[in-house]
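The next block holds one structure in the form of structure tokens; read it before the comments.
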Amino acid sequence: MDAAFAGGVDIIQLRDKALEAAEELELLTVLQAAAERHGKLWAVNDRADIALLSGAPVFHIGQKDLPVASARTLLGAPAAIGLSTHTAEQIEGAIRLSGGLTDHGGLDYFCVGPVWATPTKPGRAAVGLDLVRYAAEAVRTAGGTQATLPWFAIGGIDLGNVEQVVEAGAGRIVVVRAITEASDPAAAAAALVAALDAGAP
């Protein structure tokens, strides 16, 4: 964790669907401490109760998880809430949700993917670069504050293909193996950040 944050990673999410609640809360204290050492963010996946109990600054959900409106009601304003998307319709829905659901606000970001097939998303078909291009255009033309809605490309992204993702319009990415399986995680993170910066307008 420290190496990834040191290399330029902004958010680390704890994602292990097999964890029991008590074990996840314990591991989150370790993640939180690492994030705070580097002035970065940390995230909880799927479990709104765990996000609430841990005080997570970021909470991420999938299309079949807790509805965004319910998550916002439970977590209130402080937490940033993100949503996975896999189709053009889901992207459009995420952009609409970012317009606000309650007085506390709506969706704060979304992810598009998996761009390429990945073992971290078993059974999920790759969406390809065309959906990344769609997301970039949909957000750009949304208007108002929705035109600045943060979004991430995710799925099978590494140093060998990150430039393709950037060329398709993504300015943010989510990676797992590209850093966790690297011999030097800090250097791998820094190289990915550099590739994103090089493609920034």
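Here, each number is a calculation from the coordinates, and none is a lab measurement. Treat the numbers as computed from the prediction; the structure is a model and nothing was measured. Please note: Cβ atoms are built from the backbone with ideal geometry, for glycine as well, and neighbour counts cover all protein chains shown.
Quick look at the numbers
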item: Amide H contacts under 5 Å for residue 19, placed H, 5+ residues apart; result: none
item: Student exercise, the chain dipole from Lys, Arg, Asp, Glu Cβ charges, in Debye to nearest 20; result: 340
item: Karplus-derived HN-Hα couplings along region 109-119 (A = 6.51, B = -1.76, C = 1.60, θ = phi - 60°), whole Hz, x at Gly and Pro; result: 6, 9, 10, 10, x, x, 4, 10, 4, 8, x
item: Overall form of region 45-84 per C-alpha gyration tensor (a/c, 1.5; a/b vs b/c); result: prolate
item: Orientation-averaged projected area, Cα convex hull of region 104-150 (nm²); result: 4.2
item: Charge-dipole axis of region 2-199 as Lys and Arg at +1 and Asp and Glu at -1 on Cβ define it, positive-most pick from 54, 143, 111; result: 143
item: Dimensionless Rg ratio for region 9-50, taking C-alpha atoms and the 2.2 N^0.38 Å reference; result: 1.12
item: Antiparallel bridges, percent of DSSP beta bridges restricted to the chain (to nearest 5); result: 5
item: Debye intensity ratio I(q)/I(0), log10, region 37-132, q values 0.14, 0.25 Å⁻¹ (C-alpha model); result: -0.54, -1.26
item: Directionally averaged shadow of region 2-199, computed from the convex hull of its alpha-carbon atoms, nm²; result: 10.6
item: Aspartates and glutamates with Cα under 17 Å of residue 64, excluding same-chain neighbours fewer than 8 positions away; result: 16, 46, 49, 89, 92
